[in-house]
1. How large is the helix-only mean residue ellipticity at 222 nm for the chain, computed as the sum of -39500 (n - 2.57) over DSSP H runs with n ≥ 4, divided by its residue count, in deg cm²/dmol to the nearest 500?
2. Which residue, chosen from F18, A139, N63, occupies the Cα position most advanced towards the positive end of the dipole of region 2-208, where the dipole is computed from +1 (Lys, Arg) and -1 (Asp, Glu) charges on Cβ about the Cα centre?
3. Identify all lysines with a Cα-Cα distance to K77 below 25 Å; exclude those on the same chain that are fewer than 8 residues away in sequence.
4. Rank N35, G107, T3 by how far each Cα sits towards the positive end of the charge dipole of the chain (+1 on Lys, Arg Cβ; -1 on Asp, Glu Cβ) and give me just the farthest.
5. Taking semi-axes √(5λ) of the Cα gyration tensor in Å as the quantity of interest, determine which of (i) 22, 19, 17; (ii) 27, 18, 18; (iii) 37, 19, 14 was computed from the displayed structure.
6. Could you work out how far helix 13-35 tilts from the main Cα principal axis of the chain, as a 0 to 90 degree angle to the nearest 10?
7. Averaging sequence separations of C-alpha pairs under 8 Å and six or more residues apart, then dividing by the length of region 2-208, give the relative contact order as a whole percent.
8. How large is the dipole of region 2-208 about the Cα centre if only Lys and Arg carry +1 and Asp and Glu carry -1, each at its Cβ, rounded to the nearest 20 debye?
Amino acid sequence: MWTAINHHIQKRAALYLFTAVLLMTGTVFGALMVNSMMPLQKSELYSYVKEFFTQASSGSVANPVDLFWESVIHNIKFTGAMWVAGISVIGLPLIFILLFLKGAVTGFSVGFLIQQMKWDGLWLALCTIFPQNMILIPAFLFTAVMSASCSIRLLQKLTVRQTVPLPVAKSVMTYLGYAGAVMVAILGAAFIEAFVSSQLMNVLINKFF
């Protein structure tokens, strides 16, 4: 298994490096966006965040089952957009834009919590954002790489004269099969977010507020 994973990564090392750097760049960009906000904007946003935390700790926002399905639907929509972009010739830029935006949103969330709450914000981010992203980030990178690979292969099929036919149909079927593996990862991440991270958040909120 590990040999197959290692071979998979080595075969697409350039794409994995590019997507990882792109995601990290988006994360840094999102964190820096916090500094560009006006003090009044930060104050208003923080008041909304505190209100949400208060409601979440009292259980008035959503129960874990609802959070689970919300997370599943949200992440399926995100990865699904990349999968669809991958089977279209002109979808390659969209894949990278979506990945950059995902990094920016994560970076902004973590950066805002740390700036407003200091060490408490760091602990809150580590306990509520980090656990599920340990699964989601590799899943997003895998999705981006496979989507980009499929899009590039289709582009080659249309623009380059091939002496050896490209097995496009087989590649697309394999590509769709990989989507099933990502779905399993999304379910696992949603379970952690709904039943682990949310409970940790409640404990920390009751301590901090």
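1. -29000 deg cm²/dmol
2. F18
3. Partners within reach: K102, K170.
4. Farthest towards the positive pole: T3.
5. Calculated semi-axes √(5λ) of the Cα gyration tensor in Å: the matching label is (iii).
6. Value to nearest ten degrees: 30.
7. It rounds to 34 percent for region 2-208.
8. Dipole of region 2-208, to the nearest 20 debye: 800 debye.
Every read-out reported here was derived from the displayed coordinates using simple, explicitly stated rules and does not represent laboratory data. Being a predicted model, the structure only gives us computed values, none of them experimental. All Cβ positions, glycine included, derive from the backbone under ideal geometry; neighbour counts span all protein chains shown.
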